[in-house]
1. Nearest 10 degrees is fine. How inclined is helix 183-197 to the longest principal axis of the chain, computing both from alpha carbons?
2. Below 8 Å, C-alpha to C-alpha, sequence gap of six or more: please give me the relative contact order for the chain in percent.
3. Enter the Cα centre distance for the pair the range 133-169 and the range 51-80, rounded to the nearest angstrom.
4. What is the mean projected area of the alpha carbon convex hull for the chain, to one decimal in square nanometres?
5. Given the rule -39500 (n - 2.57) for each run of at least 4 DSSP H residues, summed and divided by the residues of the chain, what is its mean residue ellipticity at 222 nm, to the nearest 500 deg cm²/dmol?
6. Sequence gap of 8 or more, or different chains, plus Cα separation below 19 Å: how many lysine pairs satisfy both in the chain?
7. Could you work out what % of the accessible surface of the range 68-198 is carbon and sulfur, using a 1.4 angstrom probe and leaving DNA, RNA and ligands out of the count?
8. Hey, rough spin-label estimate for Q190 and D108, points 7 angstrom out along Cα→Cβ, what's it come to in nanometres?
Amino acid sequence: MNESSSIIIATRNSHKTEEITSILGNSFVVTDLTAMPEAPEVEETGTTFLENATLKAVAISRLTDALVLADDSGLEVDALGGQPGVYSARFAGSGAGVQANNQKLVADLAAVPAEQRTARFRCVMVAAQAGNVLADFEGTVEGRMLERPRGEAGFGYDPLFVPDGYQQSFAELGTTVKNSFSHRARAMKQVVTWLRER
Ligand code: ITT
């Protein structure tokens, strides 16, 4: 692929776009759905990250000639049987904000002892063009859930998640550290290899 080619990230989550852009570096021209205000809201009716990422990538790729990359991601907490999972963005109900989602998670985990607070972030990326899926990629990062949020950086559940090997949450570690080994960074590393080889 021509390295200056443009990629559309099929997201309205500016935090995802910032992380993906910073991981991709300057070699690719990246835009997201803020540049396509006419794009419809794609309903995430799938039961897996792969299904939802595919729905977003395929729907948006029908509206443009550009290569489209969709990110579906979330947090899987073992003590909650893998919740919030694909419902991460709407854990406390559709329309609920980050704070309500995080408060619900803190409450649901209140009685769970330290050794059972294991969790992982998972990110699935699907690349599509002209309505066809070209490839999919997955990255995970293991960690544990805090009892209370800590830190200001990042987004979503970052203040509650401490990655394995660290004592600080993603929100305390900051985006440079997070972007060096996060679930999204690990999926994007495979995307970059694929982009360079095609
Ligand atoms: P788009 O569908 O427009 O991309 P979204 O935020 O709704 O945006 P998802 O459906 O994939 O995206 O939901 C992802 C949710 O999972 C996100 O809103 C956060 O709550 C959580 N999440 C995903 N990656 C995260 C990360 O790196 N740090 C913290 N929380 C994350």
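The values are calculated or read from the model by the stated rules, or taken from the named source; none is laboratory data. Being a predicted model, the structure only gives us computed values, none of them experimental. Virtual Cβ from ideal backbone geometry, glycine too; neighbours counted across all protein chains shown. Please note that ligands, DNA and RNA were not included when accessible areas were found on the heavy atoms of the full protein model with its side chains. Shrake-Rupley method; radii C 1.70, N 1.55, O 1.52, S 1.80 Å.
1. 20
2. On the way: 384 pairs, mean separation 39.7, N = 198.
After rounding, I find 20 percent.
3. That distance is 19 Å.
4. Result: a mean projected hull area of 10.5 nm².
5. On the way: 6 runs with 61 residues, N = 198.
My calculation for the chain gives -9000 deg cm²/dmol from helical runs alone.
6. Values: K16/K56; K16/K178; K16/K189; K178/K189.
Within the chain, the lysine pair count is 4.
7. Working: 2870 of 6000 Å².
Here it works out to 48 percent.
8. 2.5
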